[in-house]
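Structure, as C-alpha cells:
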Amino acid sequence: MVSYLMTHSIQNKTLCILLSLGLSLFPSLSFGHGGVALQGDMCVVNINFLTAHFTVFQPETRETDEFCEDIPDVGRSVFVMEYLHDLLEEMEIDFRIIRDINDVGKYATWSDVLDIVDLDAATVYYEEPRVEQGGFYTASYTFEEKGTYIGVVNAAHPTEDRHYNAVFYFQVGGMDWGTLPLFAGLLILFQLGYWFSNGGWERRKLRKQGKSTA
C-alpha cells in the first residue's frame, strides 16, 4: 500500500511538471498581448497611450465577418483602425506587415522589429505615412501564402518629434498549432511509460493467455 501511494505521488508530481512545461511552451494561450488586446467583443490596438478599434475583413471569402489576430484565409485582407483618440486624426501613420522570421510570436515588440537585420526583405507590405482625418485608417493586402506575420503601426506626432508604435502578431490561413503536438506527445509517452513500469504489458499478456485457455 505504501509503495502504491509513493508511486502514485511520483506520478502526480511528474504530471504536474509536464503540465507546467507544456504551459511554458504556450505563450499563445494568454490574452491581451503585444499591441492588440481584446476588450469585451472588440479588438483594440494600443499605439502607446493612443488606442483604436482594430478589425480585419476578408470581403471576397468571408463577406462581413470580422477578425482580429486569426485571419482564416489566404487572400485579400482589409485592415481597419477606428480612431478612439482625436490626436490620431492629425498624425501621419504608416503600416507595415512583416513575416515573423525570428519566430518571436505573440509577444513581438518594437525591439524585435529593430532586431531584424534586413527589414525590407522581411516586409511583405508597406503603406507610406499619411494623415487620415475621417476617423478611420484602412489598408488592404492580398496574402499569397499562409503563415505567421507581424503588423507594425507607426504614428508621428503632428507638432513634436515623437513617434508612437504598435506591434502585433497575427496568423493567416488557419491555426498555428505551435508546440501543441509536442506537448501531447510528451503526455502520451508519460502515460505509456507509467503503464509499462507498473506491469500493464504483463497484465495484458496474462489476460490474453487466460482467454486463450478458457
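The values are calculated or read from the model by the stated rules, or taken from the named source; none is laboratory data. All values reported here derive from a predicted model rather than from experimental measurement. Here Cβ is always computed from backbone atoms with ideal geometry, including for glycine, and neighbour counts include all displayed protein chains.
The residue that is modelled with the highest pLDDT, counting only those in the stretch 159-179 that are within 26 Å of residue 61 (Cβ to Cβ) and not in a strand (DSSP E or B), is 173. Here residue 112 does not qualify as part of a helix (DSSP H, G or I) and out of contact with any strand residue (DSSP E or B) (no Cβ under 8 Å at 6 or more places or on another chain).
Give 81, 91 a once-over and let me know the one that is closer than 23 Å to residue 57 by Cα and either buried (at least 18 other Cβ atoms within 10 Å of the Cβ) or charged (D, E, K, R) (or both).
Step by step, each of 81, 91 is checked, and only 81 is closer than 23 Å to residue 57 by Cα and either buried (at least 18 other Cβ atoms within 10 Å of the Cβ) or charged (D, E, K, R) (or both).
Residue-wise test of (1) touching a His at 6+ places or on another chain (Cβ under 8 Å); (2) over 16 Å from residue 36 (Cα atoms); (3) touching a residue at least 40 places away in the same chain (Cβ under 8 Å).
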site: 86; (1), (2), (3): no, yes, no
site: 119; (1), (2), (3): no, yes, no
site: 128; (1), (2), (3): no, yes, no
site: 138; (1), (2), (3): no, yes, yes
site: 153; (1), (2), (3): no, no, yes
site: 159; (1), (2), (3): no, yes, no
site: 167; (1), (2), (3): no, no, yes
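Could you check the stretch 59-73 and list, in sequence order, the residues that are touching a strand residue (DSSP E or B) at 6+ places or on another chain (Cβ under 6 Å), crowded, with 16+ Cβ neighbours inside 10 Å and either outside any strand (DSSP E or B) or on the phi > 0 side of the Ramachandran plot (or both)? Within the stretch 59-73, 68, 69 qualify.
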